[in-house]
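Below: one structure, written as C-alpha cells.
The values are calculated or read from the model by the stated rules, or taken from the named source; none is laboratory data. All values derive from a computational prediction rather than experimental measurement. Positions of Cβ are backbone-derived with ideal geometry, glycine not excepted, and every protein chain shown enters the neighbour counts. Quick note on the areas: whole protein, heavy atoms, side chains included, nothing else; ligands and nucleic acids left out. Shrake-Rupley method; radii C 1.70, N 1.55, O 1.52, S 1.80 Å.
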Amino acid sequence: MPAGLQAIGWRADVDPRWREAMHAHPAASPARVVEQHRSGYVVATGPGDGVAVESLPEWQRPAGYRKGKVAPEDRPAVGDWVLVEDGRRIVALLPRRSAIKRGAAGEHYRQQLIAANVDVVFVVCGLDGDFNPRRIERYLLLVQGSGAQPVVVLTKADGPGADVAAARAQLADIEAQDVPAVAVNAKDPAAVEALSPWLRPGDTAVLVGSSGAGKSTLTNTLLGVERMKTAEVREHDARGRHTTTHRALIPLPTGACLIDTPGMRELKPTGEEEVADAGFADVEALAAACRFRDCAHGREPGCAVRAAIERGELDEGRFLNYLKLRDEVAAASDRLASRLADKQGARVVTRALHKRLDDKYGKH
Ligand SMILES: Nc1nc2c(ncn2[C@@H]2O[C@H](COP(=O)(O)OP(=O)(O)O)[C@@H](O)[C@H]2O)c(=O)[nH]1
Ligand SMILES: [Mg+2]
Ligand SMILES: [Zn+2]
C-alpha cells in the first residue's frame with residue numbers, strides 16, 4: 001500500500017469484510033473521508049491531498065428509517081474508508097471497526113455519526129467552569145459499545161482556578177473502571193506528550209467535548225502548527241465561540257490521525273448503549289446487592305445503594321445521573337425498536353430489543 005494511505009490511518013491488517021466490496025468495484029481504490037460538509041464529502045489518499053467527491057444519490061436524499069431510505073448511520077462520516085472511482089466518485093462505504101454516535105436532536109428518532117474507525121475518544125473537559133463529572137459520564141455512555149477506548153483529557157491544568165487533585169478525586173470511580181484521565185495544559189507540547197500512548201502510528205483518535213474546552217488547541221499543539229482556529233473564552237461563562245465548524249481528520253507527525261469536532265450541545269443516547277458497561281459497574285454492583293430484586297432505591301429496607309450513599313461511598317449526584325441516563329437509554333431503545341420495525345417490517349427485531357430491556361430492567 002502507498003505510504004500516503006498509511007499516513008492517514010491505513011492498517012496493514014485489511015478487514016476481511018472489505019474484500020467483497022473491493023471485488024465488486026475492481027476499478028475503484030480506497031480513500032478516507034477527511035471532511036464532511038452539508039454539500040458533500042472530501043476524501044484523501046494521503047496527508048493534505050483532500051478532494052471533494054460525488055457520492056451515491058441515496059446518501060444525498062433525506063435520511064430515514066423507512067423502507068428504501070438510508071439511515072444516517074449507514075452513510076459515510078469522517079474517518080470512514082470508502083471506495084472511489086476515477087478519483088472523484090464514492091461508489092461504496094467499507095465496513096467500520098468502530099463508530100461514535102449520538103441520538104440527534106429533534107422529534108423523530110435519528111442517529112448522528114460523530115466519527116468512524118476511531119481507536120480512541122478523547123473526552124476533553126476544561127478544569128474551569130466547564131468541568132462537569134456528570135457530562136463526562138454522559139460522554140462515556142456514548143463511547144461505550146462504539147469499539148473505541150475513552151480517555152478523559154482535563155485541559156487548562158495551568159489555569160488560575162484549576163484544582164487537578166480535586167477533579168481527579170471526582171473522577172476516581174470512573175478511573176477505577178479503566179478509563180484513564182490525564183490533566184494537561186493544552187498549549188504546552190511537553191504536557192500534551194502525555195497523550196502519546198494513544199497516538200501511535202496507525203491510530204485514529206477523535207476529540208469530543210464542549211465548545212471552548214480546548215479541542216482545537218490540543219490539535220494545534222499535537223500538530224506543532226496553528227491549523228485549527230481557536231477561540232478566546234468569554235470570561236464570565238467559560239464558553240468558547242464555535243470556531244470549529246465541521247469535523248476534520250488531520251494526520252499528525254507521529255503517524256496517528258486526529259479528528260477535531262465542533263462542540264456538541266446535546267448528548268442524547270442512541271438506545272444501543274449498555275449503561276452497566278459505561279463506567280457505572282460500581283453502581284450496578286451495589287444495586288444487585290439490594291434486598292429486593294426490583295428495588296427502586298427509594299426508601300426500601302435493605303437498599304444497598306442508599307446505604308452506600310449514606311456511608312459516603314457513592315456520590316449521590318453520580319447515582320442520580322446513572323438513573324437519568326438509564327431511563328434515557330431505555331426510552332431511546334424503544335424508539336429505535338419502532339424505527340427499525342418501520343424500516344424492515346421485522347417485529348423480531350422489536351421483540352429482541354424489548355427482551356433485552358426486560359432482562360435488564362424488569363418488565364415495564
Ligand atoms: N491556559 C490554557 N488555555 C487553554 C487550554 N486549552 C484551551 N485553552 C484556551 O481556551 C480557548 C478555547 O480553546 P479551543 O481550542 O478553541 O476550544 P474548542 O472549542 O474545544 O476547540 C482558547 O482561547 C484556548 O487558548 C489550556 O490547557 N490552557
Ligand atoms: Mg474547536
Ligand atoms: Zn436499592
Would you call E85 within 16 Å of A248 (Cα to Cα) and touching a residue at least 40 places away in the same chain (Cβ under 8 Å)? no
Tell me, which residue of segment 242-274 that is closer than 28 Å to L195 by Cα and either open to solvent by 60 Å² or more (accessible area, probe 1.4 Å) or within 16 Å of ligand 3 (Cβ to nearest atom) (or both) is modelled with the lowest pLDDT? H242
Please go through segment 7-27 and give me each residue that is buried (at least 19 other Cβ atoms within 10 Å of the Cβ) and either of a type in the set (S, T, N, Q) or more than 16 Å from G79 (Cα to Cα) (or both), ordered by number. A21
Take residues that are within 30 Å of R135 (Cα to Cα) and tell me which of the strands (runs of 3 or more DSSP E) falling wholly in segment 12-109 contain 1 or more. 29-37, 99-103
Considering only segment 267-276, how many residues are more than 16 Å from ligand 1 (Cβ to nearest atom) and closer than 16 Å to R134 by Cα? 4
Every residue from segment 176-196 that is under 19 Å from the mean Cα position of the chain (by Cα) and either free of Cβ contacts under 8 Å to residues at least 12 places away in the same chain or assigned to a loop (DSSP other than H, G, I, E, B) (or both): Q177, D178, V179, P180
P160 is checked against (1) in contact with an Asp or Glu (Cβ under 9 Å, 6 or more places away or on another chain); (2) of a type outside the set (A, V, I, L, M); (3) in contact (Cβ under 8 Å) with a residue 12 or more places away in the chain and fails just one. What number does that condition carry? (3)
Report every pair of residues separated by at least 6 positions or lying on different chains whose Cβ atoms are under 6 Å apart, first residue within segment 92-108 and surrounded by fewer than 19 Cβ atoms within 10 Å (Cβ to Cβ), second among the acidic types (D, E). A105/E266
What pairs can you find where one residue is in segment 300-314 and away from ligand 1 (no atom under 16 Å from the Cβ), the other is assigned to a helix (DSSP H, G or I), and their Cβ atoms are less than 6 Å apart, with a gap of 6+ or different chains? A304/L286; V305/L286; V305/A287; A308/L286; I309/E316; L314/A308
